[in-house]
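For reference, the structure discussed in these notes is given below.
The values are calculated or read from the model by the stated rules, or taken from the named source; none is laboratory data. Small disclaimer: the values here were computed from a predicted structure and weren't measured. Positions of Cβ are backbone-derived with ideal geometry, glycine not excepted, and every protein chain shown enters the neighbour counts. Please note that ligands, DNA and RNA were not included when accessible areas were found on the heavy atoms of the full protein model with its side chains. Shrake-Rupley method; radii C 1.70, N 1.55, O 1.52, S 1.80 Å.
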Amino acid sequence: MSATAFWRTTLWSAALPAIACVLIGSTAHAQAALGSRVDDFIPKVRQLNPELAAAALDAAAAQARIDAAGRLPDPTFRTEFMDIGRRGGSVLPGRIDKIKYTVFQEFLLWGKRDLQRDVARGEADSAEAKRKLVELELVARVKTAFATYYAAHEAARLTREITVTVR
């Protein structure tokens with residue numbers, strides 16, 4: 001993801017609750033839309049955020065790779081036609097005298113399968129940590145946007161009170 005795309009996504013994700021509140025208008029409607037607390041809004045954001053969904057899928061895929069790690073590779077099967085006779089200068093094969101079938105199985109050296117499993121577990125732990133990081137960043141952006149909205153709302157309320165007092 002480029003830096004421009006990252007900042008564009010970050011700004012939209014952070015500004016979405018504030019924009020929704022401005023579009024809704026009044027405080028009563030804003031509280032009904034966002035809930036009385038920001039914690040009421042966070043589960044919906046977790047559910048709808050594509051970055052968090054992608055990170056969760058990456059973590060699940062890394063977890064699934066642990067089972068496959070350390071297993072023996074698939075065997076290789078080969079067929080060879082030997083002693084093929086040609087018919088009178090023809091390009092097509094004539095009589096086949098021998099057919100050789102070969103099966104190969106690669107066996108890893110001692111401890112290498114365990115190392116592959118350990119690497120897969122480490123990658124799964126890393127993917128899960130990345131998912132948690134994305135989730136924490138998302139929650140922080142939502143709380144920051146909600147705090148910005150709340151500060152603007154309180155500033156407008158205080159300005160109205162001061163205007164009434166001055167009149």
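Note on the stretch 111-137: among residues that are acidic (D, E) and open to solvent by 90 Å² or more (accessible area, probe 1.4 Å), the one that is farthest from R46 (Cα to Cα) is E123. Restricting attention to the stretch 138-167, the residues that are open to solvent by 80 Å² or more (accessible area, probe 1.4 Å) and under 16 Å from P43 (Cβ atoms) total 1. Please tell me if K132 is part of a helix (DSSP H, G or I) and either touching a residue at least 24 places away in the same chain (Cβ under 8 Å) or small (G, A, S) (or both). Here the answer is no, as K132 does not meet what is asked.
Could you grab the pairs with beta carbons closer than 7 Å, sequence gap of 6+ or different chains, first residue in the stretch 71-85 and over 30 Å from Q116 (Cβ atoms) and surrounded by fewer than 10 Cβ atoms within 10 Å (Cβ to Cβ), second one modelled with pLDDT under 80 and among the charged types (D, E, K, R)? Taking only residues 6 or more apart or on different chains, the pairs are M82/D97; M82/K98; D83/D97; D83/K98; G85/R95. Residue check: T148 meets all listed conditions (1) closer than 25 Å to V38 by Cα; (2) not in a helix (DSSP H, G or I) but one, namely (2).
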